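A quick write-up on the structure given underneath.
The values are calculated or read from the model by the stated rules, or taken from the named source; none is laboratory data. Just so we're clear, the structure is a prediction, and the values are computed from it rather than from any experiment. For neighbour counting, all protein chains shown are included, and Cβ atoms are generated from backbone atoms with ideal geometry for every residue, glycine included. Surface areas here come from the heavy atoms of the whole protein model, side chains and all, with no ligands, DNA or RNA. Shrake-Rupley method; radii C 1.70, N 1.55, O 1.52, S 1.80 Å.
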Amino acid sequence: MSNVLTIFRREFDAYFSTPLAYVFIVIFLALSGAFTFYMGYFFERGQADLQAFFAFHPWLYLIFVPAVSMRLWAEERKGGTIELLMTLPVSTPQAVIGKFLAAWAFVGIALALTFPIWITVNYLGDPDNGVVVAGYLASLVMAGSFLAIGACVSAVTKNQVIAFILAALIGFLFLTSGLEIVIAFFRGWAPEVVVDAVSGMSFLTHFTSITAGVIDLRDVIFFGSLMAVCLFINVLLVDTRKGA
Amino acid sequence: MERIKSLGQSKIATIAGVMAVILFVCINVLSEATLRSARLDLTENKLFTLSQGTRDVLAAIDEPITLRLYASRSLAEGAPAYGDFIGRVRELLQQYADLSNGMVRLQVYNPEPYSVQEDEAVAYGLQGVQLDQGGETVYFGLAATNNTDDQQVIPFFDTQRERYLEYDLTRMLFDLAHPKKKVVGLMTFLPIDTDPLKEYKPWAVVEQLEQFVTVRAVGRSVKHIPDDIDLLMIVHPSGIEEPTLYAIDQFVLRGGRAMIFVDPHSEAEAEMNAAMRRPPAGTGSDLGKLFAAWGIEYSPETIVGDREAATRVQVPGSGGRSVVTDYVSWIGLGKQHFNAEDVTTSELARIFMTAAGSISKKEGADIEFTPLIETGEHAMRIDVSKVRMQPDPVQLLKDFKSAAHPFTLAARIQGRLKTAFPEGAPEEKDGGEAQDATPKADHLAQSVGQANLIVVADTDMLADRAWLQFQNFFGRQVAVPTANNAAFVINAVDNLLGSNALINLRSRGLSVRPFHRIETLKREAELRYSRTEQELLEKLRVTNEEMGKLNVQEGGGDAVLTDSQRETLAKFRADLIDIRQQLREVQHNLRKDIEALDTWLKIINIWAVPAIVCLIAVAMAWTKRRRHRLRSVDG
């Protein structure tokens, strides 16, 4: 456990030692605010809820989270520091989890810094704060899911750009799997069970259902199992690919 | 190195990876199918949890009910929004079945074209909808049946009605569990129901009521309300004798539902009086003693006027010309005046009342008083004498002084009411017959459970002309509704006839949460500028009129304007521009504060924290460089 913490702290500090992290946070915050007000018409809607704010998170994460995750393993592999990491008395799962948690915490901080919008909506009206809490939880967990996928992908290649694109692509597939365009593609040839399974894998569906204010066990299981499986595959990939 | 990379190792890893993915898919498919009710509802009003009212109704069902849901797959596929809705409805119905101790069974069918299921669906009365031109007919409805062949149907689930879904379903199940047609006892002091001599038609609202309940007349001097009456509707009570008051009191206290219409001034009665040359006084009604004991405050001496809801009327003015003005006693109420959360009023669009009184909760009364219909903020109490005989709408408008708070015109009263006759049944006058009198032993001092009443302070809203307009349609007289008065009465009766659990079921779903701060700003701005705006608009209108007159005087093409006329015209045009400019300024001012707030919020939310983060970044970079420089100096 303390190994995980060590890795966590090392990674986490590394984030903030470069200007990149600050740039990331600034852009993320500015964009999420801008989307909320200018594309979500938050003010004009006149509704004291944060639906206009949370609606854009899936799409923001689609671009930003791969940008965070791309360097998780690809950089180490490219720089050859992965061997260095493995000489430390740290097991692969511990390293994987440590890095993942550090990245998740970083995104979590970026998310937390959006607090002005929460204060704003409480200042303007009387929102259902339970629903807002659910929204933040959903957003955090979805970010974690994107991260898990991205970390996995980053362990596959040495090239960060490829890691970014691949992670974004897979994320996009998961995001849109509930949408009609994707379902229609499957419905043509796949059996009923498969179509249902595909539409049940959608980030958007589960995210939307939590942001409505209800945390359904199925949504928890979905995101939880996704992260678990991705981290597991991540461990396998790091194990088999190091030293190459 | 401990870990040796070998071909075998890599193969094992691949297999493990693939299995993990398969496991992931299986877990999710499984959980999707089975874990239906494990959820944490974080909403303030527990919007996603079935309410206690529904649970109570379900627990009380003692005979099997079958729910048949017909949902076409092609509908879910063709219209994804409906797909989600179908899923939600299905889940809700499953929850009902789960909570009913096996009494409610759910069967789901996919009625494909030309299938047996489609025939069944149509036979039940479900509505088929064509997806698009020449597309297949899809169904999304519910047929519920009980053991005795009663059935209730939702022909097609309307997404607009989603927030009443729980109410509609619970209502359906309740009706199936209690299929007997309810009896409404009508005690009326106005000729609203059928006259035994068939001299006049019953009022349309009663005819509509008769379509779903049995309406039975209750005499005005009964000593006991019959036991098989489920709801007592009292219209315009006046001069009721003590024994009858006692009967009503005890009826309500023992759990009977009541809908009471009182009125400080009934225009219908006034007309009858005028027709029969009776004096114009005495057009009011009251249940004084009962209201007082039950905690309801109402005065038959005052009506309520609402300036904004006033109806535009034309009255004879001075000098033989007619004047158009707003009559504050005739009020057309809209959505903003209705209780958006009560199922009896939330779907109403318009109600028309004339010379209505107001009711309120008596100070300290231990009852639940829920306003259903209120006036707007700019309302006032007016002495009833001012509208009783030859009212002067122009004067009333001139004398109007807003009380700056709304008055309640109709309200729901619940709670444990206390009797108006603490000493027991009143003594019979003239030692009259005691056949219908209840024995003293049954006297109730307080209501047995929760009493449920709806009190409305206007009887004219029941009249045909308040909500119907008769039009000639190809030689036939057709009644076209212009207001939802009857709908409100039907809703109220329907609602009161349900169980307490049903009555307490609030319509859930999108509860409206506006930006209160902005609404306050808007209201304040309006108060400040609306008067100026009105004056300017008036000036604009007058100037336009004058200009119009001048143009008319110009006549046909050839007429030449005199210099003075041209000057006046030019002045008018200049005035118009000036007034319009001022109006624009006023309207701009109205929104100025709100727009400023908008800008500030945008700045704070988009730039504030990023700016702070930048500062922190710069600060950290600067201290690091300093530290680095110092270190290099030292080292």
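Approximating the spin labels as points 7 Å out from Cα along Cα→Cβ, the B:Asn273-to-B:Asp563 distance works out to 6.7 nm.
For the stretch B:89-146, the Cα gyration tensor yields ellipsoid semi-axes of 26, 12, 9 Å (square root of five times each eigenvalue, largest first, whole Å).
Rounded to the nearest 500, the helix-only mean residue ellipticity at 222 nm of chain B stands at -13000 deg cm²/dmol, with each DSSP H run of n ≥ 4 adding -39,500 (n - 2.57). Calculated over the stretch A:21-64, the projected area of the Cα convex hull averaged across directions stands at 3.0 nm². Pairwise alpha-carbon distances in the stretch B:268-322 exceed 16 Å for 69% of all pairs. Counting every pair of alpha carbons in chain B, the share spaced more than 48 Å apart comes to 38 percent. Per residue of A:200-207, other chain Cβ atoms within 10 Å of the residue Cβ number 2 on average.
Coordinate range of the alpha-carbon atoms in the stretch A:138-201 per principal axis, descending: 38, 26, 17 Å. Rounded to whole numbers, the Karplus 3J(HN,Hα) couplings from phi for the stretch B:293-304 are 5, 7, x, 10, 9, 7, 10, x, 9, 10, 10, 10 Hz, using 6.51 cos²θ - 1.76 cosθ + 1.60 with θ = phi - 60°, and x at Gly and Pro.
Out of all DSSP beta bridges in chain B, what portion is antiparallel? Express it as a percent rounded to 5. Here the antiparallel bridges make up roughly 70 percent for chain B. Report ³J(HN,Hα) in whole Hz for each residue of the stretch B:592-607, in order, from the Karplus equation J = 6.51 cos²θ - 1.76 cosθ + 1.60 where θ = phi - 60°; Gly and Pro get x. The phi angles translate into 4, 4, 5, 5, 4, 4, 4, 4, 4, 5, 5, 4, 5, 7, 9, 10 Hz.
Seen from a random direction on average, the alpha-carbon convex hull of the stretch B:38-164 projects onto 8.8 square nanometres.
Here the accessible area of chain B is 53 percent carbon and sulfur, with a 1.4 angstrom probe and all protein chains present. Carbon-plus-sulfur accessible fraction, the stretch A:55-111 (probe radius 1.4 Å, protein heavy atoms only): 75%. Note on the stretch B:110-244: percent of Cα-Cα distances in each 10 Å bin, starting at 0 and stopping at the bin with the largest distance, equals 10, 26, 25, 20, 13, 5, 1. Here the contact order of chain B, divided by its residue count and restricted to Cα pairs under 8 Å and six or more residues apart, works out to 12 percent.
Of the Cα atoms belonging to the stretch A:1-138, the radius of gyration and Dmax stand at 18.1, 57 Å. Only helices enter the 222 nm calculation for chain A: every DSSP H run of n ≥ 4 contributes -39,500 (n - 2.57), and dividing by all residues gives -25500 deg cm²/dmol, rounded to 500. Which one, B:Thr137, A:Val96, A:Phe203, projects farthest toward the positive side of the charge dipole computed for the protein assembly as shown from Cβ point charges (K/R +1, D/E -1)? Selected residue: A:Val96. Distance from the Cα centre of the stretch B:311-350 to that of the stretch B:584-622, in angstrom? Cα centroid to Cα centroid, the span is 43 Å. A Förster radius of 41 Å, combined with the Cβ-Cβ distance separating A:Ile181 from B:Phe156, puts the computed FRET efficiency at roughly 0.90. Fully extending the segment from B:Ala33 to B:Lys398 would add 124.6 nm, taking 0.36 nm per residue of separation and subtracting the current Cα-Cα distance.
In this calculation the C-beta distance from B:Arg163 to B:Val21 is compared with R0 = 41 Å, giving a FRET efficiency of 0.55. Residues B:Glu423, B:Glu166 ordered from highest to lowest accessible area at a 1.4 Å probe: B:Glu423, B:Glu166. Taking amide H positions as modeled 1.01 Å from N, with prolines and chain starts lacking one, the residues under 5 Å from B:Leu468 and 5 or more places away or on another chain are B:Thr482.
Legend: calculated FRET efficiency, B:Arg626 to A:Leu137, from the Cβ-Cβ distance at R0 = 41 Å, rounded to 0.05, equals 0.50.
Applying Stokes-Einstein at 25 °C and 0.890 mPa s to the Kirkwood radius of the stretch B:154-193, computed over alpha-carbon pairs, gives a translational diffusion coefficient of 188 µm² s⁻¹. Chains B and A together bury roughly 5200 Å² of accessible area, counting both sides, with a 1.4 Å probe on protein heavy atoms only. Solvent-accessible surface of the stretch A:22-117, taken per residue with a 1.4 Å probe and all protein chains present: 36 Å².
Shown in residue order for the stretch B:266-273 are the 3J(HN,Hα) couplings computed by the Karplus curve 6.51 cos²θ - 1.76 cosθ + 1.60 at θ = phi - 60°: 9, 5, 4, 5, 4, 5, 4, 4 Hz (x for Gly and Pro).
Summarising the strand pairing of the protein assembly as shown, around 70 percent of its internal DSSP beta bridges are antiparallel.
The Cα center of the stretch B:117-171 and the Cα center of the stretch A:29-99 differ in position by 45 Å. The value obtained for the stretch A:105-244, namely the Cα convex hull volume divided by the number of residues, is 144 Å³ per residue. Long hydrophobic helices in chain A, taken as whole DSSP H segments with a C-alpha length of 15 Å or more on their own axis and mean Kyte-Doolittle hydropathy at least 0.5: A:19-34, A:92-112, A:129-154, A:160-176, A:217-241. For A:Asp216, the residues whose amide H sits under 5 Å from its own are B:Leu40, ignoring neighbours fewer than 5 places away on the same chain, with H placed 1.01 Å from N. The alpha carbons of the stretch B:269-376 give a radius of gyration and a Dmax of 17.3, 55 Å, in that order. Applying 0.36 nm per residue to the separation of B:Asp383 and B:Arg523 and subtracting their alpha-carbon distance, the gain on full extension is 47.5 nm. Over the Cα atoms of chain A, each weighted equally, I'd like the Debye log10 I(q)/I(0) at q = 0.09, 0.11, 0.13 Å⁻¹, rounded to two decimals. Scattering profile of chain A, log10 relative to I(0): -0.42, -0.62, -0.84.
The mean number of Cβ atoms from other chains found within 10 Å of a Cβ in peptide B:20-27 is 5, as a whole number. The convex hull drawn around the Cα atoms of the stretch B:339-402, when projected onto a plane and averaged over every direction, covers 6.2 nm².
Here, the protein assembly as shown has an Rg and a Dmax of 36.0, 119 Å when only alpha carbons are counted.
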